[in-house]
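The values are calculated or read from the model by the stated rules, or taken from the named source; none is laboratory data. Just so it is clear, the structure is predicted and the values come from calculations on it, not from any experiment. Ideal geometry is used to build each Cβ from the backbone, glycine not excepted, and the neighbour counts take in all protein chains shown.
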Amino acid sequence: MSQPDLFTLGQQYLDAFRRECALYGVQVDPRLELRRGQGLLCYYNLADGHIYLSTPDFHSPTGKLQALFLRSLLGCGDNQELYDFLALFIPHIIAHELAHHLRHRYGQFGQSMWLEEQVANKLSVALVKRRLPPEAKKRGRELLRRAIDALSAQIEARNIAVDTYYSPLNALNVTGQIDTAGFENVELLHTLLGVPEETLLEGALTDELVDRLEQRGSLIDEIDHQYTADQIKYIYYHVGWLYLDLTSRETEYVEEFARNYLGLSANLLPLLPESQSPADTAVQACYRAHLDTADLSSVASRYFYKRYRDLLLARLESVDLQTPVPADQLRQEMAAVLESWTEGEADTLTYLSQLAPEPLRRLFPHRIAGHLPPEMDVAAALPSITDRRLWQYVVHRTADDAAANTLYRLEILDRTPVYRPLPAGLLLEMAHRFWLVKLAAGETIIWQGEYNDDVFFLIEGRLEVLVHNGHTDRRVAWIKPGDMFGEIAFFTEDPRYATVRAVEPSQCFVLTDANLQLLAFEHPAILMKMAGVLAKRLADTLQTGAPEVT
């Protein structure tokens with residue numbers, strides 16, 4: 001039986017992860033080393049800044065004894081199965097310890113060891129999970145399930161890995177104790193209201209599960225205080241958490257980890273402040289900016305026209321309109337008008353002008369061009385720093401990386417019929433919620449049969465869509481830059497219908513299911529436009545006979 005050099009394998013993964021992190025602006029300390037450790041654990045040493053990996057030496061008497069102990073501990077039938085177990089999970093282990101190093105290097109490492117373990121697992125998922133084909137995930141879950149059973153026999157407490165998972169909601173969903181619809185409802189309310197998941201779950205769970213949730217804080221305190229004192233329990237926690245990670249439909253991304261857990265902010269223009277009774281000059285400035293940028297950037301010009309509409313509607317809310325509609329209902333109707341503009345069609349605002357007082361009518365689309373101050377200082381009159389910097393970048397070519405990055409992301413959204421008509425503020429919010437994903441040629445971003453509801457936009461490169469028929473993979477479509485893909489699963493929650501793979505180096509933006517759910521809740525127009533595009537695609541599919549795969 002061949003004996004893979006597991007330490008060398010660990011070194012190869014560390015080198016690969018170091019390179020991948022650099023692609024997202026995350027810098028690993030060049031002095032970081034992978035060193036051989038002692039005992040059963042892999043760990044990051046806060047004192048010397050190195051990662052220590054312990055693997056059994058299958059040739060020495062001590063190593064053989066260690067392997068025998070590990071086989072018993074992890075429920076492996078023989079040495080080959082132990083090799084398989086360790087080889088499969090070494091990348092997760094290395095990525096986990098690398099996260100500790102990065103948190104330490106960026107000054108984010110905290111006092112709660114439980115929290116640090118959960119955060120480190122997120123980088124492990126981001127670097128490893130999406131690259132594993134379904135059969136490797138299935139094999140991993142089988143080995144982990146067996147290890148959980150074997151470890152459970154040696155500790156008094158059961159379910160403690162589930163009860164201490166970073167999200168009790170995810171854990172209950174993975175273990176089948178709450179369905180996907182309930183999962184998404186609680187996740188949405190948790191995000192919107194800031195109410196702890198445990199509180200939202202109490203009314204939907206059995207008394208036993210409620211009791212377990214109430215003990216969650218004590219279990220986390222125990223982890224913080226004892227940490228690795230009980231090595232078997234420590235390994236049990238990690239095996240259980242990894243099983244939940246591999247089974248969950250949630251996916252993490254390296255850029256997401258960098259922003260949320262390393263304090264690295266996206267170099268983008270700020271989100272827009274809420275428009276409240278803007279001055280007439282601000283409305284006029286946005287319209288002037290729309291005209292100024294028309295020949296320089298169609299995307300910037302549309303952005304400023306949308307800003308003009310936004311401010312004009314906000315201006316209308318501050319006056320008495322000649323309508324019997326109650327104020328609350330009127331605000332809702334105006335929000336619908338804001339999100340329903342389609343370029344090239346008559347602007348609904350033109351008709352609204354009949355309800356406005358005469359002094360305001362000169363601000364409406366059919367009249368405003370003739371009422372712009374000839375010597376307007378556009379930069380001074382624009383209502384937000386984001387507007388000013390974007391206008392200066394496009395018109396005066398000022399050096400502004402944040403403006404360039406923001407305009408680039410707006411251009412990506414502008415290429416997509418679903419999102420192009422949406423208001424400027426909402427598009428900016430979406431741009432801030434994008435995570436960048438870089439793919440090497442041959443790398444897979446979506447696996448057929450997997451559960452994942454994220455939505456993707458190809459921004460560079462080319463992807464192929466493959467359907468497996470039991471024997472071979474058949475290419476059924478191409479994805480080109482500007483295309484959105486993966487949105488069907490967002491609606492249906494079904495497994496992916498096809499595999500999507502890069503045929504050349506490619507880049508995507510991804511909107512995670514959780515972010516898109518929140519945006520769609522706050523702005524239902526998103527769902528309406530997505531549904532419209534899907535309906536058209538389905539009609540085209542029925543006409544051509546081509547399979548619907550995304």
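Looking at Glu116, Glu156, just one residue is of a type in the set (Asp, Glu), at pLDDT below 95 and more than 13 Å from Asp245 (Cα to Cα), and that residue is Glu156. Would you confirm whether any residue within region 421-433 is closer than 25 Å to Gln517 by Cβ, in a strand (DSSP E or B) and at pLDDT below 90? Scanning region 421-433, I find no residue that is closer than 25 Å to Gln517 by Cβ, in a strand (DSSP E or B) and at pLDDT below 90, so the answer is no.
Would you be able to say whether some residue in region 105-126 is under 30 Å from Gly470 (Cβ atoms) and in contact with a helix residue (DSSP H, G or I) (Cβ under 8 Å, 6 or more places away or on another chain)? Looking through region 105-126, at least one residue is under 30 Å from Gly470 (Cβ atoms) and in contact with a helix residue (DSSP H, G or I) (Cβ under 8 Å, 6 or more places away or on another chain). Applying the selection to region 11-48, what residues are modelled with pLDDT of 95 or more and of a type in the set (Gly, Ala, Ser)? Those that are modelled with pLDDT of 95 or more and of a type in the set (Gly, Ala, Ser): Ala16, Ala22, Ala47.
Considering only region 449-464, state which residues are surrounded by fewer than 21 Cβ atoms within 10 Å (Cβ to Cβ) and modelled with pLDDT of 95 or more. Residues satisfying the conditions are Gly461, Arg462, Glu464. Filtered by the rule that a residue be charged (D, E, K, R), in contact (Cβ under 8 Å) with a residue 40 or more places away in the chain and surrounded by fewer than 16 Cβ atoms within 10 Å (Cβ to Cβ), region 86-136 gives a lone residue, Arg131. The conditions of being over 22 Å from Cys42 (Cα atoms), at pLDDT 80 or above and of a type in the set (Gly, Ala, Ser) are met by Ala258.
Does Ala489 satisfy the condition of being of a type in the set (A, V, I, L, M, F, W, C), assigned to a strand (DSSP E or B) and closer than 20 Å to Lys536 by Cα? No: the conditions fail for Ala489.
Residues of region 484-504 that are surrounded by fewer than 18 Cβ atoms within 10 Å (Cβ to Cβ) and within 23 Å of Arg433 (Cα to Cα): Phe491, Thr492, Glu493.
Taking helices (runs of 4 or more DSSP H) as the structural unit, no element lying wholly within region 214-278 holds at least 3 residues that are farther than 26 Å from Gly75 by Cα, of a type in the set (Asp, Glu) and not assigned by TED's automatic domain parsing to the domain that holds Arg131. Looking across Val476, Val467, Val418, one residue alone is out of contact with any helix residue (DSSP H, G or I) (no Cβ under 9 Å at 6 or more places or on another chain), buried (at least 16 other Cβ atoms within 10 Å of the Cβ) and touching a residue at least 60 places away in the same chain (Cβ under 8 Å). It is Val467. Condition test on Gly107, is it on the phi > 0 side of the Ramachandran plot and of a type outside the set (Val, Ile, Thr)? Taking the combined requirement at face value, the residue satisfies it. What number of residues within region 345-363 satisfy the criterion of being assigned to a loop (DSSP other than H, G, I, E, B) and modelled with pLDDT under 85? Looking only at that region, the number is 5.
Residues in region 299-320 that are aliphatic (A, V, I, L, M) and part of a helix (DSSP H, G or I) were compared, and the one that is modelled with the lowest pLDDT is Leu316.
Any idea which of Ala441, Ala399 is over 24 Å from the mean Cα position of the chain (by Cα), in a loop (DSSP other than H, G, I, E, B), at pLDDT 90 or above and not β-branched (Val, Ile, Thr)? One residue alone meets the criteria, Ala399. Considering only residues that are crowded, with 17+ Cβ neighbours inside 10 Å and either at pLDDT 75 or above or assigned to a helix (DSSP H, G or I) (or both), which ones fall in region 524-550? Passing the criteria: Ala525, Ile526, Leu527, Lys529, Met530, Leu534. Looking only at residues in region 137-151 that are surrounded by fewer than 18 Cβ atoms within 10 Å (Cβ to Cβ) and touching a helix residue (DSSP H, G or I) at 6+ places or on another chain (Cβ under 8 Å), the one that is farthest from Tyr253 (Cα to Cα) is Ala150. Checked against (1) surrounded by 22 or more Cβ atoms within 10 Å (Cβ to Cβ); (2) within 32 Å of the chain's Cα centre (by Cα); (3) part of a helix (DSSP H, G or I), Tyr287 passes all but a single condition, namely (2).
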